[in-house]
Amino acid sequence: MVGKPYRRSGNTPAGFDCSGLVQYSYSRVGVTLPRETQAQRLEGHSVPASELRRGDLVFFDQEGKKSSHVGIYIGHGRFVHAPSTGDRVRTDGLKADYWRSHFVEARRI
């Protein structure tokens, strides 16, 4: 889905927001997840960042709110996410200053 457009409340390849991308991606492998980021954070169990595996969810605190952004860990220190209005689904590194300073938690479904 990398390269698909960001769309607020989007959960199809026509456009995704962050939680819509997660919900859609997991549905493709038969896993049902809630639609909202905060509800997704209650699924599965917490894992330390040092033990991340492909498919784990990574949550970030933006705008002073926990669980305001979510992505899917894809390995090698990178995650895929739908960042914001006007952008496209992309991959970023967890060690980048911005993401490292906003990281809240990782969860395994």
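Structural remarks
- Counting Lys and Arg as +1 and Asp and Glu as -1 over every other residue whose Cβ lies under 9 Å from the Cβ of D56, the net charge comes to +3.
- The simple spin-label model puts a point 7 Å past each Cα toward its Cβ; for S84 and A96 those points are separated by 1.1 nm.
- Chain lengthening between Q62 and L42 when straightened (0.36 nm per residue, less Cα-Cα): 5.4 nm
- Compactness of region 47-88 as Cα Rg over 2.2 N^0.38 Å, two decimals: 1.22
- Cα-based Kirkwood hydrodynamic radius, region 11-108, one decimal, Å: 13.3
- Sorting 12-25, 37-50, 77-90 by average packing, meaning the other beta carbons within 10 Å per residue, from highest down gives 12-25, 77-90, 37-50.
- Mean residue ellipticity (222 nm) of the chain, computed from DSSP H runs ≥ 4 via -39,500 (n - 2.57), nearest 500: -4500 deg cm²/dmol
Values in this text are rule-based calculations from the coordinates and carry no lab data. What you are looking at is a predicted structure, and each value in this text was computed from that prediction instead of being measured. Cβ: placed from backbone, ideal geometry, glycine included. Neighbour counts: every protein chain shown.
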